[in-house]
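Colleague: I'd like to ask some things about the structure below.
The values are calculated or read from the model by the stated rules, or taken from the named source; none is laboratory data. Owing to the predicted nature of the structure, the values given are computational and were not obtained by experimental measurement. With ideal geometry, Cβ positions are generated from the backbone for all residues, glycine too; neighbour counts draw on all protein chains shown. Heavy atoms of the whole protein, side chains included, go into the accessibility calculation; ligands, DNA and RNA do not. Shrake-Rupley method; radii C 1.70, N 1.55, O 1.52, S 1.80 Å.
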Amino acid sequence: MAAVAFYEGAVVVTGPRGYCVDAASVRRGVSGSFALIASCLSLGQMGGVYADPAVMTISVLPRAASAQAPDAQAMARALAPAEVRVAQEKDGLAVVQVMQGGDAALPGGDPVHWRAGLVINGHLVGLAVYGPEGQGVSGAEGQALVQALARAMRAASPSS
């Protein structure tokens, strides 16, 4: 599937070009919603464009009037004792590169992975990008991918 809408369409989860939502992963709940995105080809959707092997997770919390753009340094502190190499914010998107733990989330995955946070229509959204060990997704390609994921979701979600 190309996209899934949460919270009556307030947040639309969609991936960058070449990536699709895994329909079997979608979970909706009172305390939050979840979806997983992978390359369309790896999900068996033919006719797609090539996309680097990667798994992206998206967690969306219920709307909160007090929702604020996440702080990258606060995210880094919350991930302790894991080492965070990159912690930056730009245009309401906080991005961190975490140096361990990715292999626990993705069998055969690189320990190094990316996480990000943003607010869409009052909903706090958490993103993560994992890739195979030794592939570019653990480095600059993963950072670009998490930023592209955030852009795709912002573009697909209605403006508040």
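Colleague: In Å and on Cα atoms, what radius of gyration and Dmax does region 1-90 show?
Modeller: For region 1-90, the Cα-based Rg and Dmax read 15.4, 43 Å.
Colleague: Now a separate question. Which order, highest average first, do 95-101, 72-78 follow once you tally other Cβ atoms within 10 Å for each residue and take the mean per peptide? The partial results should precede the final answer.
Modeller: Details: 95-101: 20.7, 72-78: 16.0.
Sorting 95-101, 72-78 by mean packing, highest first, produces 95-101, 72-78.
Colleague: Using label points projected 7 Å from each Cα along Cα→Cβ, tell me how many nm separate Ser59 and Gln45, to one decimal.
Modeller: For Ser59 paired with Gln45, the spin-label model returns 2.4 nm.
Colleague: Work through the residues other than Tyr19 whose Cβ is under 15 Å from its Cβ and net out their charges, Lys, Arg +1 and Asp, Glu -1.
Modeller: Details: positive: Arg17, Arg151; negative: Asp22, Asp52, Glu141.
That works out to -1.
Colleague: Under a crude label model (7 Å from the Cα following the beta-carbon direction), how far is Arg27 from Ala80 in nanometres?
Modeller: It is 2.8 nm.
Colleague: Each residue of region 125-138 in order: what ³J(HN,Hα) in whole Hz does its phi give by Karplus 6.51 cos²θ - 1.76 cosθ + 1.60, θ = phi - 60°, with x for Gly and Pro?
Modeller: Here the 3J(HN,Hα) series is 10, x, 10, 9, 10, 10, x, x, 4, x, 9, x, 5, 6 Hz.
Colleague: Using just the Cα positions, wrap region 92-160 in a convex hull and report its mean projected area in square nanometres, one decimal place. Working shown, then result.
Modeller: On the way: hull surface 18.2 nm².
Here the figure is 4.5 nm², rounded to one decimal.
Colleague: Would you mind telling me the share, in percent, of accessible area of the chain contributed by carbon and sulfur at probe 1.4 angstrom? It would help to have the intermediate numbers written out before the result.
Modeller: On the way: 4190 of 7850 Å².
Solvent-exposed carbon and sulfur of the chain make up 53 percent of the total.
Colleague: With a sphere of radius 13 Å drawn around the Cβ of Asp103, what net charge do the other residues whose Cβ falls strictly inside it have (Lys, Arg +1; Asp, Glu -1)? Please list the in-between numbers first.
Modeller: On the way: positive: none; negative: Asp110, Glu133.
For residues surrounding Asp103, the net value is -2.
Colleague: Follow-up question, since we're still on this one. Between Gln135 and Gln100, what is the spin-label point distance in nm, taking each point 7 Å from the Cα along the Cα→C-beta axis?
Modeller: My value for the distance between the label points is 2.4 nm.
Colleague: For region 1-28 and region 106-150, what is the separation of their C-alpha centers, rounded to whole Å?
Modeller: So the two Cα centres are separated by 16 Å.
Colleague: Whole number please: convex hull volume per residue, Cα atoms of the chain, in Å³. If you can, show how the numbers build up before the last one.
Modeller: On the way: hull volume 17.7 nm³, N = 160.
For the chain, the hull spanned by Cα atoms encloses 111 Å³ per residue.
Colleague: If you count only protein heavy atoms with a 1.4 Å probe, what accessible area per residue comes out for the chain, rounded to a whole Å²?
Modeller: Details: 7850 Å² over 160 residues.
Accessible area per residue, the chain: 49 Å².
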